[in-house]
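The values are calculated or read from the model by the stated rules, or taken from the named source; none is laboratory data. Only a predicted model underlies this, so the values are computations on that prediction, with no experimental measurement involved. Virtual Cβ from ideal backbone geometry, glycine too; neighbours counted across all protein chains shown. What goes into the accessible areas is simple: the full protein's heavy atoms, side chains included, and nothing from ligands, DNA or RNA. Shrake-Rupley method; radii C 1.70, N 1.55, O 1.52, S 1.80 Å.
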Amino acid sequence: MQVLVVEDDAVLADGLRRVLGEHGMTVELLADGSQADLRLQYADTLDVVVLDIGLPAVDGFELVRRLRARGSALPVLLLTARDAIADRVRGLELGADDYLVKPFATAELVARLRALVRRNAPKPSLLALGGLALDLDAKRARVGEKLIELSAREWAVLEFLLQQAGKVVSKQQIIDAIAPWGDELTLNAVEVYVSRVRLKIADAGVTLRTIRGFGYMLEAVAPAP
């Protein structure tokens, strides 16, 4: 993940580079709004921008406005020391995707950046494994030729498991993926949804395994010899 951090507080900027780098992100730092405006005109290599509102030369609000006026959909997370609702609303209305108020937990910043990149990544229209298929555009789930009914939460759980097919995912990863903005979803609730999904895809030629102590893994059933 390529992250541009625009922050004029050198100590905070260096800390963000270190923390984000520890989470596998490549970080580019700028401290001036004018420099950031030039960089954002050639932003094809970037995945997400962390943008301080109170910048010298050109502030964060104006940078977001200019970015969206150029037609860019690059995800932007605003950092602000301003806790006024009006400032948060202004940033979002100008086209920012999310915001954090200083001081903030770095773990939350990492989670929000990953969520923004996931939301803006190109998505396939069909996910399939074995005899299971999800049509993401039509919101239809099939086992073979048979349609199956899924609640919104069941759909979200199954979509995430299909995206991660062959990998072990924890309950917390499922929560972070399908309820990233603090929606009420407990670990026990995840167990319930997984159990329901398991029953509904029982004839799909896939298995939804519980990996004790780690989470779940969706994989195709190996053909009989």
In Å², rounded to a whole number, the accessible area per residue of segment 28-152 with probe 1.4 Å is 53
So for segment 117-216, averaging the separation of alpha carbon pairs under 8 Å that are six or more residues apart and normalising by length, what relative contact order in percent results? 28
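Using only alpha carbon pairs under 8 Å that are at least six residues apart, calculate the relative contact order of segment 19-137 and give it in whole percent. Don't skip to the answer; put the middle values down first.
Values: 129 pairs, mean separation 24.3, N = 119.
Taking the mean separation of contacting Cα pairs over the length of segment 19-137, I get 20 percent.
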Run a plain Debye calculation on segment 34-147 (Cα atoms as equal point scatterers, no solvent) and give log10 I(q)/I(0) at q = 0.12, 0.14 Å⁻¹, rounded to two decimals, same order as the q list. -0.54, -0.66
Which percent of the accessible area of segment 1-148 is formed by carbon and sulfur heavy atoms (probe 1.4 angstrom)? 52
Rounded to 5, percent antiparallel among DSSP beta bridges of segment 36-136: 35
Measure off 7 Å from each Cα along the Cα-to-Cβ vector at GLU219 and GLU149, then give the distance between these two points in nanometres to one decimal. 3.3
State to the nearest 20 debye the size of the charge dipole of the chain about its Cα centre, where the only charges are +1 on K and R beta carbons and -1 on D and E beta carbons. 860
The chain, helix-only ellipticity at 222 nm - DSSP H runs n ≥ 4, -39,500 (n - 2.57), divided by all residues, nearest 500: -12000 deg cm²/dmol
Taking the DSSP beta bridges in segment 79-225 as the whole, what percent of them are antiparallel, to the nearest 5? 90
Select one label from (i) 154; (ii) 114; (iii) 166: the one whose number is volume of the Cα convex hull per residue in Å³ as derived from the coordinates shown. (i)
Just to be sure I follow the rule: in the chain, considering lysines 8 or more places apart or on different chains, how many pairs have Cα atoms under 25 Å apart? 11
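Hey, what does the equivalent ellipsoid look like for segment 90-221, semi-axes from the Cα gyration tensor as sqrt of 5 times each eigenvalue, largest first, whole Å?
Numbers: eigenvalues 172, 64, 31 Å².
Values for segment 90-221, descending: 29, 18, 12 Å.
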Cα principal axis extents for segment 131-174, largest first, Å: 30, 21, 16
How high is the relative contact order of the chain, in percent, with contacts defined as C-alpha pairs under 8 Å that are six or more residues apart? 13
Build a GNM of the chain with springs between Cα atoms under 10 Å: which of LEU161, LEU208, LEU136 gets the top mean-square fluctuation? LEU136
ASP32 label point, 7 Å along Cα→Cβ, cut-off 13 Å on backbone N: hits in segment 57-100? 57-58
Selection from TYR42, ALA141, ALA96 lying farthest towards where the dipole of the chain points positive, charges on Cβ: ALA141
For ARG140, residues with placed amide H under 5 Å, excluding near neighbours: ASP135
